[in-house]
Amino acid sequence: MTQADIAPLSRSIVDEIERVIVGKTETVQKAVLSLLCNGHLLIEDIPGVGKTTLAKALARTIGGEFRRIQFTPDLLPADITGASIFNQQTNSFEFRPGPIFGNVVLVDEINRATPKTQSSLLEAMEERQVSSDGVTRALPRPFFVIATQNNVEMTGTYPLPEAQLDRFFARISLGYPSKEAEFEILRQQQVSLPLDTVREVCHTEQLVEAQGLVRDVFVHDTVRQYMVDIVRATRDHSLLTMGASPRGSLYLMHAAQAHAAMSGQAFVRPDDVKAVAPMILGHRVIARGEVKARGTTNEQIVEQLMTSVPAPVPVG
């Protein structure tokens, strides 16, 4: 596989997912981009818009093992990572892997579990391994977590702190479908589920190889400086009380590389940076209280501040 193969591969994955996620091309592309960057995705939205369907379809397209974890207040860390069980036949303890051992892991309603349980998940996401009884076990590759949280039902929830939100590569929202898309959903699912027809379009080994090739997409120093200027602008913006961390700069670069590769380019342009900045930096900044009261989103603030950061001349 070469860098030139990433664009057709990503298009195949997106096209296959769109058989079940109707009218959300841009959102599906963002999910696939996060997967290519070997990052983790947070979907913040209302119930019933297709978050679980998106995760299942994505797992099927890459031939990966799909696992789903329903977060509840009584969920324990061992329910996620696994635990050692005593085997009477062998007279010894055996490790039983938890549902975190999958290629695509859907964590439904992450904000319903206690902070201790949330931390165990985030540790596995960051380290890509699980430690139990002094033994460290690597998680499978690829390992992609899609976490969801409802933004309208806050009773009995434990919202993720900003420091933990920073662990997620990107945050997106599906939103309501258009009138035409909702009509098509009803037509498709009248007698069957389109999810059952989703095909595998690549192997997990191909995906892991593509993830490595994304990091090799050329980034000119002037474009890299542009990324730094955008992130630093979040730290001095009048509408924000906290800007993005250096992790935000790093993820912004990786996302721009993936966006370029998915577009069939061999190098990153300023337009690639602009396209991915809101989804990468939006959940890494904190807006002032009066700004939130006006209904302005963090993503809108990021888009606004980018207009004040001079973009370099595209490098060819």
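The values are calculated or read from the model by the stated rules, or taken from the named source; none is laboratory data. The model shown is predicted, which means the values in this text are computed figures rather than measured ones. Cβ: placed from backbone, ideal geometry, glycine included. Neighbour counts: every protein chain shown.
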Check: Is it the case that some residue within the stretch 83-99 is of a type in the set (Asp, Glu), surrounded by fewer than 16 Cβ atoms within 10 Å (Cβ to Cβ) and at pLDDT below 90?
Finding: yes
Margin query: Name the single residue that is modelled with the lowest pLDDT among those in the stretch 148-174 being surrounded by 12 or more Cβ atoms within 10 Å (Cβ to Cβ) and farther than 23 Å from Gln70 by Cβ.
Written below: Glu162
Notebook entry, point to check: Hey, Arg232 hits all of (1) without any contact (Cβ under 8 Å) to a residue 40 or more places away in the chain; (2) outside the structural domain of Gln257 (by TED's automatic domain parsing) but one; which does it fall short on?
Noted result: (2)
Margin query: So Pro194 passes all but one of these: (1) outside the structural domain of Glu290 (by TED's automatic domain parsing); (2) under 22 Å from the mean Cα position of the chain (by Cα); (3) of a type outside the set (D, E, K, R). Which condition number does it fail?
Written below: (2)
Next item on the list: Could you check, for the stretch 42-54, whether at least one of its residues is modelled with pLDDT of 90 or more and at positive phi?
Entry: no
Notebook entry, point to check: In the stretch 293-316, what count of residues is obtained for those that are surrounded by 14 or more Cβ atoms within 10 Å (Cβ to Cβ) and among the polar types (S, T, N, Q)?
Noted result: 4
Check: closer than 22 Å to Leu41 by Cβ, at pLDDT 90 or above and acidic (Asp, Glu): does that describe Glu180?
Finding: no
